[in-house]
Structures are given as C-alpha cells and as structure tokens.
Amino acid sequence: MSRSLFILLLTILADFCSAQIGGRYTFEFLNLTQSARTTALGGALISVIDTDATLAYANPAALNESMHSELSINHNFHFADISHGFSNAAYHISSLKTTAHIGINYINYGEFTRSDFLGNRDGSFKGGETAITIGAGRAINERMRFGINAKLISSSFDIYRAMGLAFDAGFIYTNADKGLSVGLVMKNMGTQLRSYSGQSEPLPLDVQLAYSKRFSHLPFRLSITAHQLHQWNIRLDEATSDDPVIFLNEEQSETSPLAKSVDNFFRHFIFSGEFLIGADEKFKIRLGYNHLRRKELAVSEFRSLGGVSFGLGFQVSKFRFDYGLGYYHLAGATNHLGLSINLSSFRKKI
C-alpha cells in the first residue's frame, strides 16, 4: 500500500475510530518499541534482567555485567514504508562496577510531495527523527539496581527542525529465590531545546511499573506492565469496535460508569509471557496483549487482532535472532527483526 493511499484510508476511517491519547506530545517516536522482543511482548518489558542489551532503552536499571560487549541491531517495518530501528552496544566497566550502553533510535517517514494550498506540486521533502541514547546502570545491593538514560533528540520535517533532551530513571528489584522481579521507570523526562515554530511542546512522559514471575515448574515467565501511571483517565467516550451496531430507529445504549472504569483500568496494562525452551533457553516463544493499543485503534463495526502480538527468539552459534509481529488494527501488523551478538565471543583465546 502506498503512503498516500494509507493516509487517505486513515482519513476516511477517522470518523469511526476511537480517540487516542497520542498526538499531544512531540517526539512521540521515543515510545515505539525498541526491539523485536519487546514488540512480541506487547510493547513493554522493564522488569527483566538478562543478556539482552536492548532492555536498557526501556529501563536502564536492566544494565548488568552479563551484557558486556553485547551488540544488538533491530529494525521495524512499519506501515506505508515507514521504517524504525534501534541499535545499541553495552560495556561493563569493572573498576566502577557499572555497565554502560550507547544506542541510536531512528525513524524515517520517507518522502512526501510538497504542494501549495491549491494543490500545485513543488518538489518533495523528507521527514525523520533520531535519538542518541547514553546510559549506565549498577547494583545498589544484592537485589536492587538503578540506572539512568540521557537522550539527545533531533527531528526534521522539510524546513522545520526541533531538538530535545530527555532522561529516563529506573529501578529493578529481584528476588531470585522466588523467581520474581519488579521494575519501575520514569521515561522521557525533559524538554525541547529547539521547537518547530518557537512554541515549546511537552515530551511523551510515561511512568511504568511492572512485575515479572518465572515459574518454578514451568519454563514460562509472566510479565504484567502498568503504564501511563502519571495520568489515570486515558479513556475518551468514543465509539469503539466493542460497541453494538446501531440501526435506524434504535436507541443507542450508553456504556455504564462501571464499564467505563473497568475499560480505563485495563488500558493501563500490558500482559505478556515468554516460553523459555531448552536447557540453555536458546529458543523462546513470546506473546503479548496491549489493551490500550487495541481500544485506541479500534474501528467501529469491525473486529481485528489489534493489541495482540507474537514472536520468537532463537540462538544459532554466536548469533541470537528475534522476530516480533505486532498487530495494531485491521490494516495489518508490523514486522520487527532483531540480531544480537556478543563481540567478546570472537576474541581469540590465549
């Protein structure tokens, strides 16, 4: 589907779609999933600590010694030829007992036709945004870790430019005996350094709290993530795909206050799980459900897999491959690919 046709489709469906909390902030691309693994898990994973260096973008407290020399490259194929990706590398500084990482997050919106208000074409222009992230994390004690990220953001749409600076601060508590962990992160705290039109806009702040549990007798880890905790009411009273179809001469039934409260409550949650298969857990099957994504992008009178995600991960020799399939609405899904490798595995043994 061409970009222009896709935009036209969204315009036609605008009257049928439920309202969204997005579009109120600048640099919204910062909240896109950074890896194929995260896409498969519904869009968030902030309470797990392992060798996956991309977890540091979601919660810098995840940085740990096992990520040393880990390089990860991820690319997400979005709708209408929009491309988005994130790559980072981690390094453990033993003298400081700290693990650091550096990464780049980018989105390319492609090429657009420039025209005046009469529709006369005058060439074309491109749009894209980039964020360079530097972060560090370390242990506070045996069970608690802390980390911070700093992001330098740049945005360009034709002649319009903007820059910003954002920070993340995160904590992770782990209890290995019980196989559980809890993560807390405050994301995208910051400001614009340069705005598009001289008027400063807010960044997409997000406060998240998550719980993960690894079961003793089942190779499965459950994660529950609560997001948008800094604003409780994220539901707008618009028609969604779950509302009944209204025919002529019928009275439209109103959603009860209790149903609205329950719906708003679950919009704050992402449910996900990973099956960890094999003695070395080299094969993983993942699934997730994001209720906010499903409700925001629902289309009246149509059902879809919006909010549902799947994926898998496997290791071949020194390389780890990840794939995530994230459904947004009836227009389809995004395909996210990831490749990770530990660079120290190539060093010759003396």
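The values are calculated or read from the model by the stated rules, or taken from the named source; none is laboratory data. Everything quoted here is computed from the prediction, not taken from an experiment. Virtual Cβ from ideal backbone geometry, glycine too; neighbours counted across all protein chains shown. Just the protein is used for accessible areas: all its heavy atoms, side chains included, with ligands, DNA and RNA removed. Shrake-Rupley method; radii C 1.70, N 1.55, O 1.52, S 1.80 Å.
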Q) At a Förster radius of 35 Å, what calculated FRET efficiency corresponds to the Cβ-Cβ distance of PHE220 and GLU254, to the nearest 0.05? A) 0.30
Q: Answer with a single label: of (i) 22.2; (ii) 18.4; (iii) 21.3, which was calculated as mean projected area of the Cα convex hull in nm² from the structure in view?
A: (i)
Q: Let me know the whole percent of all Cα-Cα pairs from the stretch 125-193 that are separated by more than 14 Å.
A: 66 percent
**Q.** Positive-end residue, the chain charge dipole about Cα centroid, Cβ charges, pick of GLY164, LEU229, PHE275
**A.** PHE275
Q) At a 1.4 Å probe, what is the % contribution of carbon and sulfur to the accessible area of the stretch 132-190? A) 67 percent
Q.
A 29 angstrom limit on the alpha carbon distance is what I want to check against. Which of LYS126/LYS284; LYS178/LYS318; LYS97/LYS213 exceed it?
A. LYS126/LYS284; LYS178/LYS318
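Local charge sum around ASP177 (other residues, Cβ-Cβ under 15 Å, Lys/Arg +1, Asp/Glu -1)?
On the way: positive: ARG143, LYS178, LYS213, ARG214; negative: GLU142.
Net of charged neighbours comes to +3.
Apply 1/(1 + (r/R0)^6) to the Cβ-Cβ distance of LYS97 and ASP158, taking R0 = 51 Å, and write down the FRET efficiency to the nearest 0.05.
The computed FRET efficiency comes out at 0.60.
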Q. Rounded to a whole number, what % of the accessible area of the stretch 284-350 do carbon and sulfur atoms account for, probe 1.4 Å?
A. 65 percent
Q) Taking 0.36 nm per residue of separation and subtracting the Cα-Cα distance, what length does fully extending LEU339 through SER83 add? A) 90.5 nm
Q: Please give the peptides 24-32, 303-311, 176-184 ranked by average Cβ packing (other Cβ atoms within 10 Å per residue), highest first, as a rough proxy for protection.
A: 303-311, 24-32, 176-184
Q: Please compute the net charge surrounding ASN74, taking Lys and Arg as +1 and Asp and Glu as -1 over other residues with Cβ under 15 Å from its Cβ.
A: 0
Q. What number comes out for the charge environment of SER309, summing +1 per Lys or Arg and -1 per Asp or Glu over other residues with Cβ under 13 Å away?
A. +2
Q: With label points built 7 Å along Cα→Cβ from the Cα atoms of SER261 and LEU118, find their separation and express it in nm.
A: 5.9 nm
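If each DSSP helix of 4+ residues adds -39,500 (n - 2.57) and the sum is divided by the residues in the chain, what number results at 222 nm, nearest 500 deg cm²/dmol?
-2500 deg cm²/dmol
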(Q) With the crude spin-label approximation of a point 7 Å out along Cα→Cβ, what separation in nm comes out for MET144 versus SER66? (A) 2.2 nm
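Quick one: dipole size for the chain, taken about the Cα centre, charges +1 on Lys/Arg Cβ and -1 on Asp/Glu Cβ, in debye to the nearest 20. Present the calculation step by step, with values, prior to reporting the outcome.
Numbers: 33 positive and 31 negative charges, 334 e Å.
It comes to approximately 1600 debye.
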